[in-house]
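Right, one structure below, let's go through it.
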Amino acid sequence: MEHVEAVVIGAGQSGLATAHALVGAGLRPVVLEASERAAGSWPRYYDSLTLFSPARFSALPGMPFGGNPDRYPHRDEVVAYLTAYAARLAGADIRTGQRVIAVRAEGAGFTVELEDGVQLRARAVVAASGSFGRPHRPDLPGLETFAGQVLHAADYRSPTPFAGRRVVVVGAGNSAVQVAIELARESRTSLATRAPVRFARQCLLGRGLHFWLTRTSLDAAPLGRVLKTPPAQPVLDDGRYRAALGVGAPDRRPVFTRLADDRVTWTDGTTERLDALILATGYRPHLPYLAGLDGALDPVGHPRYRGGASPIHPGLAFVGLEWQRSLSSETLRGVGRDAVRTARRLVAHLARS
């Protein structure tokens, strides 16, 4: 059995930022990535995805995002950036095609078991596998018996397969609005939300919103410590999204009351045939490998942590959770801050043990 100081599970933005921080703290982490490339879930997002923060605010520690710093990078640019970041991450042992299936407590450390049966003995483990592997499917009336096509935004790629069809997108976040608007160019699309879509201006007083979030330190404020229920973030808009919804491309409707066979029933009692339903309803932490580690997760699979560290298992930590510490904890621009704090805590733990 191989013995290592620290294992980081996941080589997306959170895992790479954590590996960088651990190397900076004097450790040589092993990073285990289930897919065949060190870019996390980014290669699997929909084709037209663009960041909601400019390039200058979208870099991980130690490597600026190249090109025009004021542009909003495309998905493929992020994939290329993360791939280059991983290649330059000297001091970390990044292993792709290595899916972790279980983490078990063993003495003062952990045994990490891989899908192929290989085991590693680690003094510390960081869960940085994100949430893309666990799409959230809300309990919508009739969803399980609906005869039309149902897919989550995690499986959506482009509007081409939906051309000429009747489509409903459920959700009120950035991705839901972005997907619904591009679908409306090819199909008859509605955006179904429980409340009107909330917008935030992408530019204020001649500066991008992220400039002000950084200048005021709101982006890094430790609000996650005090928020019992994190607020839903508004849709960032330069005016085009609001305008598209304003002219009904797509139209915005309250969430339907019923799905049955291939039909949808709206709150006003009208029914119509529906070809496809796309759930842009977010994700939940994807940590199945911790299910057998007593106390690491709560009954619904959410991690138990304080400041990113497990209160039950010293040496176990989390990075990249939504609102883990601040509103930017789950983003390219903010995950590095949490990674540095986690690395410091783990180094101190290892010194004590």
Considering each of Asp70, Asp76, Asp116 in turn, give the residue that is within 23 Å of Arg44 (Cβ to Cβ), of a type in the set (Asp, Glu) and under 23 Å from the mean Cα position of the chain (by Cα). Asp76
For strands (runs of 3 or more DSSP E) lying entirely in the range 87-185, having 1 or more residues that are touching a Phe, Trp or Tyr at 6+ places or on another chain (Cβ under 6 Å) picks out 100-106, 119-127
Looking at the range 89-102, which of its residues are closer than 18 Å to Leu287 by Cα, touching a Leu at 6+ places or on another chain (Cβ under 7 Å) and open to solvent by less than 50 Å² (accessible area, probe 1.4 Å)? Gln98, Val100
Long-range neighbours under 7 Å by Cβ, at least six apart or interchain, first residue more than 30 Å from Gly15 (Cα to Cα) within the range 127-151, second in a loop (DSSP other than H, G, I, E, B) and of a type in the set (A, V, I, L, M): Gly148/Leu274
Can you pull out every residue in the range 60-88 that is closer than 26 Å to Cys203 by Cβ and surrounded by fewer than 19 Cβ atoms within 10 Å (Cβ to Cβ)? Pro64, Gly66, Gly67, Asn68, Pro69, Asp70, Arg71, Tyr72, His74, Arg75, Asp76
Do we find that Ala105 is open to solvent by 30 Å² or more (accessible area, probe 1.4 Å) and in contact (Cβ under 8 Å) with a residue 60 or more places away in the chain in this structure? yes
Filtering the range 314-343 down to residues that are among the basic types (Lys, Arg), outside any loop (DSSP other than H, G, I, E, B) and in contact with a helix residue (DSSP H, G or I) (Cβ under 8 Å, 6 or more places away or on another chain) yields Arg337
With the structure loaded, tell me whether Ala184 is among the aliphatic types (A, V, I, L, M) and surrounded by fewer than 20 Cβ atoms within 10 Å (Cβ to Cβ) or whether it fails that test. no
Residue under evaluation Ala17, criteria (1) buried (at least 23 other Cβ atoms within 10 Å of the Cβ); (2) at positive phi; (3) out of contact with any Ser or Thr (no Cβ under 9 Å at 6 or more places or on another chain), criterion not met: (2)
On the basis of being surrounded by fewer than 18 Cβ atoms within 10 Å (Cβ to Cβ) and under 30 Å from Glu2 (Cα atoms), does Gly133 make the cut? yes
For the range 241-281, what are the residues that are among the small types (Gly, Ala, Ser) and either under 22 Å from Arg185 (Cα atoms) or open to solvent by less than 30 Å² (accessible area, probe 1.4 Å) (or both)? Ala243, Ala244, Gly246, Gly248, Ala249, Ala276, Ala280
Checking the structure you have, find out if any residue of the range 335-350 is of a type in the set (A, V, I, L, M, F, W, C), open to solvent by 20 Å² or more (accessible area, probe 1.4 Å) and farther than 24 Å from Val78 by Cα. yes
Can you name the condition, by its number, that Ala124 falls short on among (1) open to solvent by less than 30 Å² (accessible area, probe 1.4 Å); (2) of a type in the set (Gly, Ala, Ser); (3) under 26 Å from Gly282 (Cβ atoms)? (3)
What's the total number of residues in the range 235-258 that are more than 14 Å from Val169 (Cβ to Cβ), touching a Gly at 6+ places or on another chain (Cβ under 9 Å) and not hydroxyl-bearing (Ser, Thr, Tyr)? 1
Which is over 30 Å from Gly208 (Cα atoms) and either basic (Lys, Arg) or touching a Cys at 6+ places or on another chain (Cβ under 8 Å) (or both), of Arg44, Arg56, Arg75, Arg37? Arg37
Would it be correct to say that Leu293 is in contact with a His (Cβ under 9 Å, 6 or more places away or on another chain) and surrounded by 18 or more Cβ atoms within 10 Å (Cβ to Cβ)? yes
Subset of the range 308-326 (residues that are modelled with pLDDT of 95 or more and among the aromatic types (Phe, Trp, Tyr)): Phe318
Looking only at residues in the range 241-255 that are over 12 Å from Ala180 (Cα atoms) and of a type in the set (A, V, I, L, M), which one is farthest from the chain's Cα centre (by Cα)? Val247
Neighbours by Cβ (under 7 Å, 6+ apart or cross-chain): first from the range 328-343, farther than 12 Å from Gly15 by Cα; second open to solvent by 50 Å² or more (accessible area, probe 1.4 Å): Ser329/Glu322
If you scan the range 1-14, which residues turn out to be in a loop (DSSP other than H, G, I, E, B) and buried (at least 19 other Cβ atoms within 10 Å of the Cβ)? Gly10, Ala11, Gly12
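The values are calculated or read from the model by the stated rules, or taken from the named source; none is laboratory data. Everything numeric in this text was worked out from a predicted model, so none of it was measured. All Cβ positions, glycine included, derive from the backbone under ideal geometry; neighbour counts span all protein chains shown. Surface areas here come from the heavy atoms of the whole protein model, side chains and all, with no ligands, DNA or RNA. Shrake-Rupley method; radii C 1.70, N 1.55, O 1.52, S 1.80 Å.
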